[in-house]
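Here the structure is laid out as structure tokens; the discussion comes afterwards.
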Amino acid sequence: MEKFGIWIGFIGMTIGAVIFGIRAVSMRLNKGVGFAINSFFITLWAATIYLSMALGQTVIPKTLIPNLYDHPIYWGHYVDWIITTPLLLLDIGILAGVGPKLLAGIVGADIYMIITGAAATFTPSSLQWIWYILSTGAFTAILLQLLTVFSASARRRNSKIANLFTTLRNLLIVLWITYPIIWLIGVEGLKLIGSGLEVLLYVIVDFIAKVGFGLVLLKDTQVLEMATKKSASQ
Ligand code: RET
């Protein structure tokens, strides 16, 4: 069941990488091509990590340290997210036209969120909740930045860019909120669901957060071209 879910993740991300790769090539040196290249690398990286998890290489099996963990740890997810979540935030930040300082701020909070989240996952005692709370704090900061300064910056751009930003921002918020919930109900947290279902849920949201997000982002080349032109300096 778990292995099956991971392989589905690998196939889904590979299909995404092929779609975005073709899109990037077809956009040639068009101004918005950076967004397609970014989506390509996001899905390529995720496909690579799903492959490593499917091969059992970025997983600690339940039986390896049974007196420490009562469940397998798919730590490949954190290697995936530490690269792909900053890239997703760069997409939405560049679309909003925010400057390098705000981009660095949100990426910093994001890296903090993933590292403390990994710490929560690897901590086999109730000390894990300290790390979970710190990670959730950083996550809240990310959401607040998206809803305030990022949205304000996007509103100052033309209406097509602003509308695409709002759609992607809402999609991102709804999807990303499910991660700490899955963790909470999953085997690392309250153990309300089993490892197999948890793996499957992560695969589904990962797929929509990367491939679905990329498809919406790349729908209109014209908007992407406009978005790469002049941006507000902040
Ligand atoms: C964890 C557990 C600790 C608390 C929080 C988490 C948040 C994770 C998030 C992950 C997003 C991943 C994405 C992946 C690829 O597309 C680490 C699960 C807050 C928000 C979007």
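The values are calculated or read from the model by the stated rules, or taken from the named source; none is laboratory data. Predicted model, so just to flag it, every value in this text is computed and none were measured. Neighbour counts are summed over all protein chains in view; Cβ atoms, including those assigned to glycine, are modelled from backbone coordinates with ideal geometry. Accessible surface is based on the protein model in full, side chains and every heavy atom, while ligands, DNA and RNA are left aside. Shrake-Rupley method; radii C 1.70, N 1.55, O 1.52, S 1.80 Å.
Kindly indicate whether any position in the range 135-143 is more than 9 Å from the ligand (Cβ to nearest atom), open to solvent by 10 Å² or more (accessible area, probe 1.4 Å), of a type outside the set (S, T, Y) and not in a loop (DSSP other than H, G, I, E, B). Before the answer, list the steps.
Of the range 135-143, the ones more than 9 Å from the ligand (Cβ to nearest atom) are 141, 143.
Okay, now just the ones that are also open to solvent by 10 Å² or more (accessible area, probe 1.4 Å), so 141, 143.
Checking the rest, the ones that are also of a type outside the set (S, T, Y) come to 141, 143.
Then drop every residue that is not not in a loop (DSSP other than H, G, I, E, B), which leaves 141, 143.
Yes; the residues of the range 135-143 include at least one that is more than 9 Å from the ligand (Cβ to nearest atom), open to solvent by 10 Å² or more (accessible area, probe 1.4 Å), of a type outside the set (S, T, Y) and not in a loop (DSSP other than H, G, I, E, B).
Residues in the range 1-22 that are within 15 Å of G212 (Cα to Cα) and either at pLDDT below 95 or polar (S, T, N, Q) (or both): 1 in all. The lone criterion from (1) over 15 Å from the mean Cα position of the chain (by Cα); (2) in a helix (DSSP H, G or I); (3) surrounded by 18 or more Cβ atoms within 10 Å (Cβ to Cβ); (4) in contact (Cβ under 8 Å) with a residue 40 or more places away in the chain left unmet by Y69 is number (2). Taken as a whole, the structure leaves V199 outside the set of residues that are in contact with a Lys or Arg (Cβ under 6 Å, 6 or more places away or on another chain), assigned to a helix (DSSP H, G or I) and either β-branched (V, I, T) or crowded, with 21+ Cβ neighbours inside 10 Å (or both).
State the number of residues belonging to the range 202-227 that are in a helix (DSSP H, G or I) and over 17 Å from W81 (Cβ atoms). So that I can check it myself, show each step before the final result.
Our first condition is that a residue be in a helix (DSSP H, G or I); within the range 202-227, this holds for 202-217, 221-227.
Then keep just the ones that are over 17 Å from W81 (Cβ atoms); that gives 215-217, 221-227.
The number of residues fulfilling the criteria is 10.
Within the range 156-174, the set of residues being open to solvent by less than 30 Å² (accessible area, probe 1.4 Å) and touching an Asp or Glu at 6+ places or on another chain (Cβ under 9 Å) comprises L164, L168. Cβ-Cβ contacts under 8 Å between residues 6 or more apart (or on different chains), taken from a first residue in the range 31-48 that is among the hydrophobic types (A, V, I, L, M, F, W, C) to a second residue that is outside any helix (DSSP H, G or I) and surrounded by fewer than 24 Cβ atoms within 10 Å (Cβ to Cβ), are listed as F35/L218; A36/L218. Per the conditions (1) of a type in the set (V, I, T); (2) in a helix (DSSP H, G or I); (3) more than 17 Å from the chain's Cα centre (by Cα), the sole criterion not satisfied by I193 is (2). Within the range 204-234, the set of residues being of a type in the set (A, V, I, L, M, F, W, C), open to solvent by less than 10 Å² (accessible area, probe 1.4 Å) and closer than 20 Å to A47 by Cα comprises A209, V211, F213, L217, L218.
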